[in-house]
Structure formats: C-alpha cells, structure tokens
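First comes the structure, then the notes that go with it.
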Amino acid sequence: MTAEQKKEEQPEFIQFRYPREVPYEHALGYQSKFANALKQGRIIATKCPVCGRCTIPPRIVCPFHHVKQTEWVDQGQRGRLISAFKINFPMFNSRTGELQNWENPIIAVELEGGARMDGWCAETDPSKLKTGMLLEAVWRPEEERQGRADDILHWKPVEE
Amino acid sequence: MAENLPEISSEPIVAGVTAHSNFLVSTGATGTKFLSELRDNKKIMGIKCPKCSKVYVPPRTHCPTCFARMSEWVELSGKGSLSSYTVVRYKEPYMPKEPPYAYGVIQMDGADTGMAHILGEVDLDKIKVGMRLEPVFKEQREGSILDIDYFKPSS
Amino acid sequence: MAERIAIVGVGQTHHKSKRPDVTTAEMIAESVERCLEDAGLQMKDVDHLVGGSFEVADGYHCPDKWIIPELGAVGKAGLELQNVGTTGGVLAVASFNIAATGLFDTVLCYSWQKMDEAAGAFGRGGGGANEYWTGQFPMSPITNFARRTYAYMDRSGCTEEHIAMVRVKQDQCALKNPYAQLRLGLTVEQVMSDVLLAWPIRRLHMCPTTAGAAAFIVCPEERAKKVTDKPVWVEDWFTCHQGGALTMAEDPTSSTLRHACEVVYKRQNIKNPVKEIQAWEVYEPASPAELRWMEEVGICEDYTAWKLFEQDKVGIDKEVPFNPSGGVTATNPIGATPVVRLVEAALQVRGDAGEHQIPGKIERALATGYGGQGENVIMLLRKTL
Ligand SMILES: [Zn+2]
Ligand SMILES: [Zn+2]
C-alpha cells in the first residue's frame, strides 16, 4: 500500500446521537412570594438585619451572615445599570431547545431598594449603554404575567 | 422568616421546565470493531486479555482485573446459556421493544462474561435459566447492539 | 496531625477537539496509563481512587460503572465527585484530604471531559443554569465573561487590544506545549478581527471544547519518598465557593480568588506572592479573565494587569511566568481542566515541563480551578519541605 492510499483510507468510528427531552418541576419554596409579587407588578427582596443587604433571589438566611432575614422590602420600579452585554451569535433558547438570535442586551441592574437582578435592556444599541445609567422596569400586561422573572419585559433608559 | 407585606401571597409555586440535550456517544476503536462485525458479518466478537486470558463480550479495551490493554479478538459462535432474566411489563420512553418483552443475561460459549440482550420467539412464561440460546440478526443492520434483534431458544 | 503529602506521578492525554477513536472510559485509561508509568507504579499499587467530570456535559449515568472496570480498578475504594468547572479542583482537594489522613497509601485522581460528545448539553442555558432565575437568558461562560470584561474595561482603561495581547501570549505558550489543543500562531490583528460572540468577547478569547483527560497520584510522605526521588509536595489547598456572584457581589469583575489566595498566603506566610511563587497555572476560561486573576492572586494592583502585557512582561521566560502551558483558552476538557493546571504546575516544580519549562528554580507553583460564576480552588505546590 502506498502512502497516498493510506491517507485516503479513513478508519471508521461508530458514534450514536441520542436527543432527549426531560421534564422537571422545580419548587420555588420560600421564593414563591417573590414570584407572586411579580404578578402584581412589584419587585421585592429579603433584607438582612445584620448587613442591611437586600438579596434577589430572596433567601431565608443572609448568604454572608447566616442569620434569618427579617423583612421583605419593596425594591421600586427603577434601578441603575451595573453591567451589560449583547450576544452577537445564535444561542440556544433553553425554553425551546432551539437556536435563535438575541436582539436585546442582557443587563444587571441595581434597584432603588439595593438588590440586584438580571434583565433585558430595551435599548438594543450597546454603545448607548453606560454603567450607572437610570433604568425603569417595563412590565407585561397583568393578565399575561406568570410569576416569572420575564414578567418584566425589559428595562428602559430614563432621562435624568 | 420575614412575614411582612401580607398583601402578597406566599402560596408555593412550582416552575415547570423541559431540559433538552443531544449527546453523542463514541464507541471507540474497540466498540467499532465489535459493532461493525455485527453489521457486516453477523459475527459476535469477544476480546481476550493477554495476562489472565479471560474473554470479554461485549469487548472493552482494558481488562477490568489486570488493567492490561487487550487486542486479541476471538470469534464466538453466538450460542450461549441464559444465566438470568426478567420480563418487562411496564412502559417507559426510549425502550427497545414494546412491552411485554423478556430480557436476560446470556453466558456466551467461549466467553467469560455475560451479555445482556432481549429474548424472542419464546413463551414468556416458559423461560428457564440455563436454556440454550442463539442470536437472530436483523435484515437491516446499522452497527448497533440492536443489529441482533433478539436471542431465541436454539434447537 | 495530618500527613504531609506529595504528588508522585502525573499524566494527561494529548488534548483534541474530537476523539471518536476512544470511549470516555478509554480516554481516561490513556491518562491513567501515562500517570502510572510516570510514577513507576501499577494499578495494583493504588488503594484509593477519586474521579469525576462536569456531569451535566457528560451524557453518562453512573459513569463509575463504565470507568472503573476500564481502569482495572474493580473493588478498590473510590469516590466520584463533580462541581461544574471546579470539578478537577474538587477532585484534587478530595484526593489531598484522603492522602493526608494517612489511611491510604496511594491515591489516584482521574478527571475527564469529552466535549465532542456533549455540545448539546450546553444548549440548555450554560449547562444547567437555574431555570426559574436565569431560564429566560441564554447564559453561558461566554456571556458571563462578556459582562465581567465589560465592567473590567469600564473600570481599568484596558482596551480590546490589550485583551488580544493576552490571547497571543497564551497561544505563544501553547505552541511550546505538545499536549495543548489550540496551537495557532496568532497575531494581535488576527485576534482583534475574529468573530465577535458577545462584545468584547471574540471566539478566540473563549476556551475551546476539548476531549481530554488528566490524572495524578498523591501519597503520604513516607510512601512518596519510596516511590520517587522527585516528589512534588502539596503545601496547602483551599476551596471557596460562591453562588450568583454577579448580582450579589459589590464588584462584578471579582471572583473568590482573592479571598482564597489570602487564606492560603496567610497560612503559609507568603508576603510577596510574585517573588515567592515562581510558576502560575491559573484557570482562565476566557483570555481577559487572566488580567483580573493576575490582580486577584496578588501579582499586581487592581485594574493594572493589562499594563504588564503592554510592557511585554508576561511569558514563560519573562518577569511574570503566568500560565506557561498555554492555559485554558488553549485547552479545556472542563472536568479535567483544574487537574491539567495541577499536572502542569507539578511538572514545572519537577523541572520536567519540557519546552515550556520556566527557567530557574521553581520552589513554589500555584494552580487553581474556576467554576460557575466565581468559585475557586487553590492548590499550592512546593519543591522542598
Ligand atoms: Zn447579612
Ligand atoms: Zn486480565
């Protein structure tokens, strides 16, 4: 056998692909109150009596001080931009399993009440986003809300 | 726990989610040899350890006892004896056959290990440990362990 | 009193994007064969195993069932562990803990990922993100590091060109490492014009998907001295985990690396890390992460690491020998990646790293594992006790 022939001969390696869909049900537990607040168009967080930090996701104990949180606190409808990025390539939508394009930047917002959360930004041009800029929550119509974080459609920049 | 803001319900919520995955499994050089022999030649091949001489079917690359690399292939007749079995009567996604069906562990002649497979052409109430079996190959074969359709009682 | 422990053998596969020629278990066996050969031991000498991968990207249930027989290790004591990207670090720390009890003589740690089989797993939001909280976002390491880097550039004055310099440095190191996956011969211009994934992250900035495995053997002192004349002492180790780092942390660029290093430096009385540690293998999932990590491990002041690249001070034979193996942007078999860092750091201490060996005596080397959104594992190695 010549070297040339050898090169052409690709060894066979058998592989299998197995697509699967697995349904899960995750209990929100204590965090259910946060989800119920979303249905009312409100964002609430738990507050630590030691450090005064408000946390989203809400937790029974402060992650830093291991004491029970004593208070739910309304976080308001406005916040400031902490970080942002825009996805420039098709990425999987975990809810459909399909690849898709994503127009809106994903941002982290520090709310008036002090807690931080992720969201979509209404402004699609990332060059118009500045750390610290003021943003306001835009909600889905009440009848469409499901108690999920995407009941907040997106965050819209507000003139100061 | 915080219990203020009574106007907001604490009613428990369960969030449903479907996870999607699409894994690929490599059978490797050893697995490919075994599966392609099933597909192309309707042959069941075992592999022999150079140290302890045990013959494994289905094959693996390293001997589980000696951690020696194995490369000596042994052609088996495919005939063997049933060493254990069960009858599957419930239904789940991704099953290889419609229940009810029997599957068992077949101690292949010339091998030191049992191989699990489906039993066919047999009365589900008359299966007996120790009964002699032989493979029935599918007409259309694609390089899969299911190229053996099932094992049937041999005459 | 715990035993002093040493690494007596290491092994890894030649990391590749695809390995259809081996099963997962066979790939692991390859690294274990090399590790046993390096230590001059046989499987019968091993009395405890610790193994694992980033399980959600694995596609196997009960991986032990497939792996232990392939390793010829049936009936031995063993654990399987996993913790996202830090998996290898968690495995290493568990192996150290087990060896330090003195109850076991020869502990084999094996780790793997076969990403050529698992790309589909990452479709579901960063490989297992919490559906309720992040399900609406297409989260992944790419997006995690895009937002970290956005905030880092915002605060530091670092530009896209500096990030590209980091990537080129990593590639120059990888070119000298025959086990590395991506060995590309890159220029700054090539990196800056590469496909944009999520600004400022380009494709070349992200760790690749890798099929590979890595293993090491760790022993208590007495046994280690019998097995090898080149033991690599494990001086200290520490794990630090943190969830939801980015919305909770005061500084979105930070991880737990600074805290983890502070703990270890204090315990070992390390005052000037850049002088007292001569080799670094720090898990950087994206090239710009290397900048922040250099600051967090104490090499330079906050938001200044990019200046070291501008001044050409980072490289195998330069002032700061950071990630001489080429790092994670060259090679990333996720579950094994922290073990690859440890293996490479151990080779540096032994002086056996070959073409990418840092010149001069390596008294100390620091390896880390990173995972999730800010979890870190610290592994500090030493040449002499
Ligand atoms: Zn607190
Ligand atoms: Zn054997």
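The values are calculated or read from the model by the stated rules, or taken from the named source; none is laboratory data. Given the structure is predicted, the values throughout are model-derived calculations rather than measurements. So basically every Cβ, Gly included, is an ideal-geometry build from the backbone, and we count neighbours across all protein chains shown. Just so you know, the surface numbers come from the protein's heavy atoms only, side chains and all, with ligands and any DNA or RNA stripped out. Shrake-Rupley method; radii C 1.70, N 1.55, O 1.52, S 1.80 Å.
Helix B:28-41 axis versus longest C-alpha principal axis of chain B: approximately 60°, rounded to the nearest ten.
Protein-only accessible surface at a 1.4 angstrom probe places the residues B:90, C:283 in the order B:90, C:283, largest first.
Please build a GNM for chain C, connecting alpha carbons under 10 Å apart, and tell me which residue among C:166, C:188, C:320 fluctuates the most. Maximum among the listed residues: C:188. What the Cα atoms of chain C give is an Rg and a Dmax of 19.3, 57 Å.
Under a Gaussian network description of chain B, with springs only between Cα atoms under 10 Å, the residue in B:36, B:26, B:53 that fluctuates furthest is B:26.
Kindly compute the accessible surface that chains C and A hide from a 1.4 Å probe when together, both sides summed, and give it to the nearest 100 Å². Approximately 3600 Å², summed over both chains. When the residues C:66, A:102, A:72 are ordered by accessible surface, computed with a 1.4 Å probe over the protein chains alone, the sequence from largest down reads C:66, A:102, A:72. With Rh defined as the Kirkwood radius, the inverse of the mean 1/r over Cα pairs, the Rg/Rh of region B:26-153 is 0.98.
Remark: C-alpha extents of the protein assembly as shown on the principal axes read 89, 68, 59 Å, sorted largest to smallest.
With θ taken as phi - 60° and the Karplus curve 6.51 cos²θ - 1.76 cosθ + 1.60 applied, the whole-hertz 3J(HN,Hα) list for region C:268-285 is 9, 6, 8, 9, 10, x, 5, 8, 8, 10, 9, 9, 10, 10, 10, 5, 10, x Hz, x standing for glycine and proline. Rounded to the nearest 20, the Cβ-based charge dipole of region C:147-222 about its Cα centre (Lys and Arg +1, Asp and Glu -1) stands at 240 debye.
Averaged per residue, chain C has 33 square angstrom of accessible surface, using a 1.4 angstrom probe with ligands and nucleic acids left out. Since only B:100, B:150, B:115 are under comparison, the one whose Cα sits farthest along the positive direction of the charge dipole of region B:31-155, derived from C-beta charges on Lys, Arg, Asp and Glu, is B:115.
Rounded to the nearest 10 degrees, the inclination of helix C:24-39 to the longest alpha-carbon principal axis of chain C is 70 degrees. Using the Karplus equation 6.51 cos²θ - 1.76 cosθ + 1.60 (θ = phi - 60°), what ³J(HN,Hα) coupling, rounded to whole Hz, does each residue of region C:348-359 give in order, writing x for Gly and Pro? Ordered by residue, 3J(HN,Hα) equals 4, 5, 6, x, 10, 7, x, 5, 9, 5, 6, x Hz.
In region A:85-123, the residues that give up 50 Å² or more of accessible area when the other protein chains are added, compared with the chain on its own (1.4 Å probe), are A:85, A:88, A:89, A:91, A:92, A:94, A:95, A:116, A:118. Here's how it looks for residue C:16: its modeled amide H is under 5 Å from those of C:211, which are all 5 or more places away or on a different chain.
Looking at this model, which pairs from C:169/C:318; C:318/C:383; B:48/B:138; B:48/C:114; C:18/C:114 are more than 19 angstrom apart at the alpha-carbon? In this structure, C:318/C:383; B:48/B:138; B:48/C:114 lie more than 19 Å apart at Cα.
The packing ranking of peptides B:71-83, B:99-111, highest mean first, is B:99-111, B:71-83, where packing means the average number of other beta carbon atoms within 10 angstrom of each residue.
Rounded to the nearest whole Hz, the Karplus-based 3J(HN,Hα) values (6.51 cos²θ - 1.76 cosθ + 1.60, θ = phi - 60°) of region C:322-336 follow the sequence 9, 6, x, 6, x, x, 7, 6, 9, 8, 8, x, 2, x, 9, with x at glycine and proline. Note on region A:28-157: along the principal axes its Cα atoms extend 43, 31, 26 Å, ordered by decreasing extent. Among the listed pairs B:54/C:44; B:54/B:79; A:86/A:128; A:47/A:86, those whose Cα-Cα separation exceeds 22 Å are A:47/A:86. Note on A:22-33: average number of Cβ atoms from other chains within 10 Å of each residue's Cβ is 6. I want the antiparallel fraction of DSSP beta bridges within chain C, as a percent rounded to 5. Bridges in chain C that DSSP calls antiparallel: roughly 70 percent. Take each peptide in B:122-133, A:52-63, count the other Cβ atoms within 10 Å of every residue, and average; sorted highest first, the result is A:52-63, B:122-133.
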